[in-house]
Amino acid sequence: MKFSIHDTIVCVVLPGVLCGLLLVPVTAENGTISISYRGSGAGYVGDTFIIDGLDTIGNTTILSVTGTGLPREGVPANNLNGVPGAGVPVAVGGDGRWQFSWYTATVPGAEKLVSGRYTFTARDGQDPSRTSVVVLQLRKPEYTVSVSPNPSRYGDYIQITGMAETGISSAKIEIRDSSGNVVHTFTSPVSSSGYLSYSFHSDLQPGKYTVMVSNPVLNVPFGTTLTVLEESPPAASATLVTPGIAPVTTSVNVTTTSAVTPIQTAGHPPLPLGLPTVLAGIGIACAVRLSMWRR
């Protein structure tokens, strides 16, 4: 059997092409994708977590996160308000390694983070079916703060109380005006049970203020609103005067006199005060004259 030059080229090239086609899926199938974290795998909302891994399948890793308060299908790890099911692309280095920093204090949508478990999924950008997952445990510091009296007025003695995380010795208190400017900063001791209490005499002008309490280490602030009212108006007079009507008084002056009370006779008007005296004088004069006439 004779072979032409053309047949020889086909026999040489075709096996090479077939081998090349067979090697591509074998390489992808044997590739590796992994994900891990630095540290203990647990921390507070506000901390920064380093997540890294290995991807020898492609040159891009897609990273998403899901957990309490987030869509079940996950969102991009760099935007918790992102499209459900999407992820953030992370470049893979020449050695197959990739790394991502998760800033829980500043990531968009950080307000959704609460105490709970959050699962990160790494997908290969070339073959999304190849995945690897890791779980982080988050804890949101439980701060509560209240202000009394609220509302208050200039010069009032204001007391700030609250609960902070146990295990810290102090907490920072900031009072900010409606423009966000810090007008006062205090440092309050925190008891072993997490209780804090701080008082000050108010020199705040009328308006609305925000009282922020934070842990100096974790820098995760929580707060409440304080309202400062205008100064009290002068007290109004207690006497009410109605036009045409004399004001009512609560005291009565009683004057006692020795004047003789007029004699009142049933069915007749009282006699004038001087008439009894005159009649008595006339009677005496008549008696004297009668006595003289008898002599």
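The values are calculated or read from the model by the stated rules, or taken from the named source; none is laboratory data. This is a predicted model, so every value here is computed, not measured. Positions of Cβ are generated from backbone atoms using ideal geometry, with glycine treated the same way; all protein chains shown enter the neighbour counts.
List of remarks:
Residue-by-condition table, conditions (1) out of contact with any Gly (no Cβ under 9 Å at 6 or more places or on another chain); (2) surrounded by 14 or more Cβ atoms within 10 Å (Cβ to Cβ); (3) at pLDDT 85 or above:
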residue: V13; (1), (2), (3): yes, no, no
residue: L22; (1), (2), (3): yes, no, no
residue: E29; (1), (2), (3): yes, no, no
residue: D52; (1), (2), (3): yes, yes, yes
residue: D55; (1), (2), (3): no, yes, yes
residue: G58; (1), (2), (3): no, yes, yes
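- The residue of region 70-95 that is nearest to L138 (Cα to Cα), among those that are over 31 Å from the mean Cα position of the chain (by Cα) and crowded, with 18+ Cβ neighbours inside 10 Å, is G87.
- Considering (1) in the same structural domain as F49 (by TED's automatic domain parsing); (2) under 15 Å from the mean Cα position of the chain (by Cα), the lone condition that A164 does not fulfil carries the number (1).
- Filtered residues of region 31-57 (kept if under 22 Å from A110 (Cα atoms), touching a residue at least 24 places away in the same chain (Cβ under 8 Å) and hydroxyl-bearing (S, T, Y)): S36, Y37, Y44, T48
For every residue, the table says whether it meets (1) on the phi > 0 side of the Ramachandran plot; (2) at pLDDT 90 or above; (3) touching a helix residue (DSSP H, G or I) at 6+ places or on another chain (Cβ under 6 Å).
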{"residue": "G87", "(1), (2), (3)": "no, yes, no"}
{"residue": "Q99", "(1), (2), (3)": "no, yes, no"}
{"residue": "F120", "(1), (2), (3)": "no, yes, no"}
{"residue": "G125", "(1), (2), (3)": "no, yes, no"}
{"residue": "K140", "(1), (2), (3)": "no, no, no"}
{"residue": "G155", "(1), (2), (3)": "yes, yes, no"}
{"residue": "R176", "(1), (2), (3)": "no, yes, no"}
{"residue": "F186", "(1), (2), (3)": "no, yes, no"}
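- Flag for Y103 being buried (at least 18 other Cβ atoms within 10 Å of the Cβ) and of a type in the set (S, T, Y): no
- In the set (1) modelled with pLDDT under 80; (2) surrounded by fewer than 12 Cβ atoms within 10 Å (Cβ to Cβ), the condition left unmet by S40 is number (1).
- Any hit, region 219-240, residues being within 23 Å of V147 (Cα to Cα), at pLDDT below 90 and in contact with a Gly (Cβ under 7 Å, 6 or more places away or on another chain): yes
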